[in-house]
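For reference, the structure I am asking about is given below.
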Amino acid sequence: MNYVIIGNSVAAVGAVRGIRKIDPRGNITVISRERHIAYGRPLISYLLGGQVTEKRMAYLPEGFYENNRINLLLNSEVIGLNTNKKQVKLAGGDTISYGKLLIATGGDPFVPPIEGMAGKEKVFTFTTWDDANKLKGIAHDIGRVVVIGGGLIGLKAAEGLHQLGKQITIVELADRILSTAFDRSAGRIVAKKMKANGIDVITEDTVVHVEGDGAEISGVTLKSGDIIPCDTVIVAIGVRPAAGFLKGSEVAVNRGIVVDDRMETNVANVFAAGDVAEARDFFSGQKNPMPIWPDAYIQGDLAGTAMAGGEKSYGGGLSMNSLELFKVPTISMGITNPTDPKEFEILTYQDLENYQYRKIVIKGKLLVGAVLVGNVERAGIFAGLIREKIDITPFRESLLAADFGIIHLPREIRNALFAPYGKVA
Ligand SMILES: Cc1cc2nc3c(=O)[nH]c(=O)nc-3n(C[C@H](O)[C@H](O)[C@H](O)COP(=O)(O)OP(=O)(O)OC[C@H]3O[C@@H](n4cnc5c(N)ncnc54)[C@H](O)[C@@H]3O)c2cc1C
């Protein structure tokens with residue numbers, strides 16, 4: 001079999017492993033428009049801030065590509081797909097034939113048209129190793145930065161630049177930072193921590209004009225009319241599925257590429273996985289991109305298994321976000337902001353002074369969501385209780401306790417949760 005994988009990040013790695021478990025011999029070609037071997041994308045802010053060296057960016061065991069006999073094409077962008085001829089077209093003009101194709105192209109940063117921004121030199125996005133390198137390379141020339149967008153990527157960029165001693169203002173349209181991934185209290189605690197570190201956080205406002213002569217930036221004007229002086233702008237308002245090259249092909253794209261539970265698209269022999277695909281939500285069954293690292297790997301593994309003729313199907317992704325900013329770890333999972341609160345019970349504990357917050361969302365006898373700030377050690381247990389749909393009634397009072405741990409769980413539940421790793425006494 002001739003496998004072609006577009007993209008060389010975590011979903012692609014999952015797919016290679018999925019394929020090789022079943023088919024040790026088939027040809028695998030991996031095509032990436034980046035020039036690096038697979039690396040930890042979530043590490044780019046630490047690379048920018050100097051806490052991680054270039055050497056630490058690659059996370060695969062040495063020899064991964066050779067041992068899996070992968071034909072790796074770096075610096076190569078796919079610009080078209082012909083599903084009748086079963087070929088992908090590269091930017092250089094070459095075509096590559098496939099028997100089974102995986103699209104694992106992730107997301108592209110979305111840059112809205114903002115007046116005055118075109119032609120300005122120091123406008124950046126922040127999703128790749130090279131983005132971090134570019135900023136690092138001109139760090140001596142950066143004084144004040146405006147980050148547009150207070151989501152995970154914007155906050156990570158802000159933290160990295162802060163480590164380099166830059167002055168930063170975050171401008172967020174919603175009434176709080178981290179509005180999509182976390183709840184109001186978690187957003188408030190993280191904002192408090194950012195402010196304590198000298199980062200300005202402006203909410204319910206947005207940048208409407210980038211000021212400055214020629215290529216130079218002198219500041220930005222906000223919708224409120226306020227002007228913030230700066231010389232650099234980072235646009236971090238979100239990513240869109242990197243599926244532009246599918247234009248004119250028959251592959252269906254909704255909010256992401258539409259796939260079934262084996263990660264196959266509407267076109268036979270064409271699969272999609274990771275941030276570019278629409279994954280099925282664990283609770284609602286609805287399909288949405290689930291842009292998180294662990295889920296991209298799981299989807300890649302499923303796709304690879306299916307491409308090689310194996311049987312495995314997707315149980316649905318549990319949405320989960322984890323973030324550590326200025327040493328405050330934060331994790332959210334499952335349903336954290338129920339739209340119909342009558343159906344749910346919410347228990348919280350907070351100690352804002354010490355950046356501690358815990359929230360659990362219960363539906364009937366089941367834990368369906370959690371937000372943890374400050375102390376995230378038990379996140380794995382919470383995720384297990386949610387995934388395994390365990391009746392939490394016998395220990396629900398302990399769930400918010402600072403020392404909550406497996407010791408609070410009845411033995412049969414401990415065994416149910418940890419059986420794959422051996423019985424717990
Ligand atoms: C700054 C930052 C911090 C993050 N932090 C976290 C975190 O803490 N926890 C977490 O769970 N997730 C985090 N994420 C999200 C996580 O990185 C993604 O969910 C994950 O990388 C998705 O993997 P993927 O394989 O689907 O795609 P990607 O990692 O996006 O990789 C896709 C690859 O395909 C390439 N490509 C795209 N189009 C083409 C084409 N036409 N031809 C050839 N190659 C192409 C791209 O250049 C890219 O290299 C973070 C992301 C960013 C940007």
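Could you tell me the extents of segment 139-288's C-alpha atoms along the three principal axes, largest first, rounded to whole Å?
That gives 53, 41, 29 Å along the principal axes, largest extent first.
Count charges around residue 375 for me, please; just the other residues with Cβ under 11 Å from its Cβ, Lys/Arg as +1, Asp/Glu as -1.
On the way: positive: 358, 378; negative: 351, 377, 403.
That works out to -1.
Only sites in a loop by DSSP and with at most 15 other Cβ atoms within 10 Å count here; which GluC sites (Glu not before Pro) in segment 209-292 make the cut?
Hits after loop and neighbour filter: 216, 250.
Using only the alpha-carbon atoms, what does the chain span along each of its principal axes? Please give whole angstrom values in decreasing order.
68, 59, 40
Further, regarding this structure: Probe radius 1.4 Å, ligands and nucleic acids ignored: give me the carbon and sulfur share of the accessible area of segment 1-126 as a rounded percent.
49
Which value, in nm² and rounded to one decimal, describes the direction-averaged projected area of the C-alpha convex hull of segment 308-349?
So the mean shadow area of the Cα hull is 6.1 nm².
Taking every eigenvalue of the Cα gyration tensor of segment 18-102, multiplying by 5 and rooting it, what semi-axes result, largest first, whole Å?
Working: eigenvalues 160, 66, 19 Å².
After diagonalising the Cα gyration tensor, the semi-axes are 28, 18, 10 Å.
May I ask you to compute the full-extension gain from residue 69 to residue 108, defined as 0.36 nm times their residue separation minus their alpha-carbon distance, rounded to one decimal in nm? Kindly include the intermediate steps, with their values, before the conclusion.
Details: separation 39, 0.36 × 39 = 14.04 nm, distance 2.86 nm.
Between residue 69 and residue 108, full extension yields an extra 11.2 nm.
At a Förster radius of 45 Å, what calculated FRET efficiency corresponds to the Cβ-Cβ distance of residue 388 and residue 90, to the nearest 0.05?
0.50
Work the Kirkwood hydrodynamic radius out for segment 220-328: mean of 1/r over every pair of different alpha-carbon atoms, inverted, in Å.
Computed over segment 220-328, the radius equals 16.1 Å.
Accessible area per residue for segment 102-203 in Å², computed with a 1.4 Å probe and the full protein assembly in place, what is it?
39
Say the dipole of the chain comes from +1 at the beta carbon of Lys and Arg and -1 at that of Asp and Glu; which of 390, 123, 320 then lies farthest toward its positive end?
Of the options given, the answer is 390.
Check the straight Cα-Cα distances from residue 100 and name the aspartates and glutamates below 14 Å, setting aside those fewer than 8 residues away within the same chain.
Of all the aspartates and glutamates, those that pass the test against residue 100 - Cα under 14 Å, at least 8 places apart if same chain - are 23, 264.
Please report the antiparallel percentage of DSSP beta bridges with both residues in the chain, rounded to the nearest 5.
60
Also, quick follow-up: What pairs in 193/327; 312/363; 21/55; 342/365; 365/389 have C-alpha atoms more than 19 Å from each other? Working shown, then result.
Numbers: 193/327 9 Å; 312/363 29 Å; 21/55 28 Å; 342/365 15 Å; 365/389 9 Å.
Correct reply: 312/363; 21/55.
Still on this model: Holding the Cα-Cα limit at 26 Å, pick out from 85/247; 134/247; 166/359 the pairs that are longer than that.
Those over the limit are 134/247; 166/359.
Let me check the size of segment 134-219 from its C-alpha atoms; what are the radius of gyration and Dmax in Å?
Cα-based Rg and Dmax for segment 134-219 come out at 13.3, 42 Å.
The values are calculated or read from the model by the stated rules, or taken from the named source; none is laboratory data. Keep in mind that this is a model prediction, so the values were computed, not measured. For neighbour counting, all protein chains shown are included, and Cβ atoms are generated from backbone atoms with ideal geometry for every residue, glycine included. Only protein heavy atoms, including side chains, enter the accessible area calculation; ligands, DNA and RNA are left aside. Shrake-Rupley method; radii C 1.70, N 1.55, O 1.52, S 1.80 Å.
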